[in-house]
Amino acid sequence: MAKLKLTYFDLHGGRGEPARLALSIGGIAFEDDRVQPSDWERRKADTPFGALPVLEVDGQVVAQSNAINRYVGKLANLYPSDPWQAALCDEAMEAVEDINGKIFSTLFLPEEQKKTQRKALVEGPIPFYLTRLQQRLEAHGGRYFAGDRLSVADLKVYVLIRHLRSGVLDHVPSDLPDRIAPGLVEHYERVTKEPGVRAYCAKHGISD
Ligand SMILES: N[C@@H](CCC(=O)N[C@@H](CS)C(=O)NCC(=O)O)C(=O)O
């Protein structure tokens, strides 16, 4: 078995969390390397694109969250083998990346700018992506994003909804997903009940 090390920030949300979940659900041993903010400047130059997550496999490195998600999804049997279902899985993951990019670009803004930009996100892009993701979920049966079973796409959407509902994003109301996309909240609750997700959350002190 290859030796895996997944490096990401010590956050419950974000781009590295779906891969941590997938590896844990699949029972695949990995080093869970959590970077503290004070260490980041020192470590940034060693990453392929100056960003996290990165995955090390027997000493070789791959970056970009969705490339990592596909790879670990294949290892953990959480990525569809059918090419069409794989495309649907990718579609949902890339849509989450679109909205992640917009949300994360506000993280380190000065307070007034952050407030203005987040208000704009809450009035436009976040509801847009939540609504469209919900429509895509419904188009594929309403339970899972691809292949009618749990995949890394479900984990990625689950992490987004968990992040939005957690209340950690100032100026983003935590009830936004419940108001805009109840079908995605139902999906979130379905994923929460997965035994592997429950075990991961219990281990890392994450509440529903
Ligand atoms: N397209 C990349 C984006 C990676 C990215 O921007 N990661 C953020 C954390 S979620 C980061 O490393 N930020 C720190 C920095 O840019 O210095 C991916 O999907 O992995």
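Below are the figures for this structure:
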item: Choice from Leu130, Leu55, Leu121 showing the highest fluctuation, given a GNM over the chain with Cα pairs closer than 10 Å; result: Leu121
item: Long-range HN-HN contacts of Phe9 with modeled amide H, under 5 Å; result: Val35
item: Karplus 3J(HN,Hα) series, Hz, for region 89-103 with 6.51 cos²θ - 1.76 cosθ + 1.60 (x for Gly, Pro); result: 4, 4, 4, 5, 5, 5, 5, 5, 4, 4, 7, 4, x, 5, 5
item: Fraction of accessible area attributable to carbon and sulfur, region 1-114 (%, probe 1.4 Å); result: 53 percent
item: Over the chain, relative contact order from alpha-carbon pairs under 8 Å, at least 6 apart, %; result: 22 percent
item: Under the Karplus curve 6.51 cos²θ - 1.76 cosθ + 1.60, θ = phi - 60°, whole-Hz ³J(HN,Hα) for region 132-139, x wherever Gly or Pro sits; result: 5, 5, 4, 4, 5, 4, 4, 4
item: Violating pairs (Cα-Cα greater than 24 angstrom) within the set Lys5/Lys74; Lys74/Lys102; Lys115/Lys193; Lys156/Lys203; result: Lys74/Lys102; Lys115/Lys193
item: Net length gained if the chain between Gln36 and Gln117 were fully extended (0.36 nm per residue, minus Cα distance); result: 26.5 nm
item: Ranked packing of 187-196, 159-168, 103-112, most packed first, by mean Cβ within 10 Å; result: 159-168, 187-196, 103-112
item: Area of Lys115 that stays accessible when all protein chains are in place (1.4 Å probe, Å², to 10); result: 90 Å²
item: Distance between region 102-166 and region 73-101 - C-alpha centres, whole angstrom; result: 15 Å
item: Accessible area per residue in Å² at 1.4 Å probe, computed on the chain; result: 49 Å²
item: Table column - 3J(HN,Hα) (Hz), region 66-78, Karplus curve with 6.51, -1.76, 1.60, x for Gly and Pro; result: 6, 5, 5, 4, 5, 4, 6, x, 5, 5, 9, 6, 10
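The values are calculated or read from the model by the stated rules, or taken from the named source; none is laboratory data. Note that the structure is predicted; figures quoted are calculated from it, not measured. Every residue, glycine as well, gets a Cβ built from its backbone with ideal geometry; the counts of neighbours run over all protein chains shown. Only protein heavy atoms, including side chains, enter the accessible area calculation; ligands, DNA and RNA are left aside. Shrake-Rupley method; radii C 1.70, N 1.55, O 1.52, S 1.80 Å.
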